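Where a number appears in this text, it was derived from the coordinates with a stated rule and is not lab data. Computed from a prediction, not measured in an experiment: that's the story for all the values here. Using ideal geometry, Cβ is built from the backbone for each residue, glycine included, and neighbour counts are taken over all protein chains shown.
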Amino acid sequence: MFPELVYALLCRDVIVDRESGSASFIRAFEHGTVPSLPATVPSCFIVTLWETGPNSSGFTIGLSLVAPDGTETDLGSNQVQPTGATLHKVNFQLPGLNVSQEGRHTINLSVTQDGEQRLVKGLPLYVLPQEQS
């Protein structure tokens, strides 16, 4: 079974309870205003939950940022090892996202398993200029 995305969220912070493993997402967002471009979106998290079959092989989750003009920047990847579990929480901490264009950016989540790669989800990130008064 190819991994299925249960959820993906862009947020400022995440707190994971050590006993239960449940997560609290702090300040989810999909847009930001900037005084001028280029700019850096502050440190943030992309939190995900994936479902696989019980005997699934490992897989890799990749992230990239696509600017409005189509320019793509690799943001990194995480490998998920087979454990026999069917649910896998995978969180990415991004130190900041450099943006140089106004408009809709997309954070693409892709999965590679057994040599096959699929684009699974595109999270929108709107970069808007701050209104001048």
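Starting with the fewest neighbours, write out Thr106, Thr86 ranked by other beta-carbon atoms found within 10 Å of each beta-carbon.
Result, fewest neighbours first: Thr86, Thr106.
On the beta carbon distance between Ala23 and Gln81, with R0 = 22 Å, the FRET formula returns roughly 0.65.
Counted by Cβ distance under 12 Å from Ser57, the other residues give a net charge of -2, where Lys and Arg count +1 and Asp and Glu count -1. Using a ≥ b ≥ c from the Cα gyration tensor of the stretch 1-68 (square roots of the eigenvalues), is it rounded, prolate or oblate, where a/c under 1.5 gives rounded and otherwise the larger of a/b and b/c decides, a/b for prolate? Cα axes put the stretch 1-68 in the oblate bin. The convex hull defined by the C-alpha atoms of the chain has an orientation-averaged projected area of 8.8 nm². Taking Cβ atoms as reference points and 13 Å as the exclusive limit, the residues near Phe2 contribute a net charge of -3, counting Lys and Arg as +1 and Asp and Glu as -1. Legend: ranking of residues His31, His105 from fewest to most surrounding C-beta atoms inside 10 Å; resulting order His31, His105.
The Cβ shell under 13 Å around Val47 holds other residues with a net charge of +3, Lys and Arg each +1, Asp and Glu each -1. Sorted ascending by nearby beta carbons within 10 Å, beginning with the fewest, Tyr126, Tyr7 become Tyr7, Tyr126. Measuring from centroid to centroid over Cα atoms, what is the spacing of the stretch 1-25 and the stretch 40-65 in Å? Rounded to whole Å, the Cα centres lie 10 Å apart.
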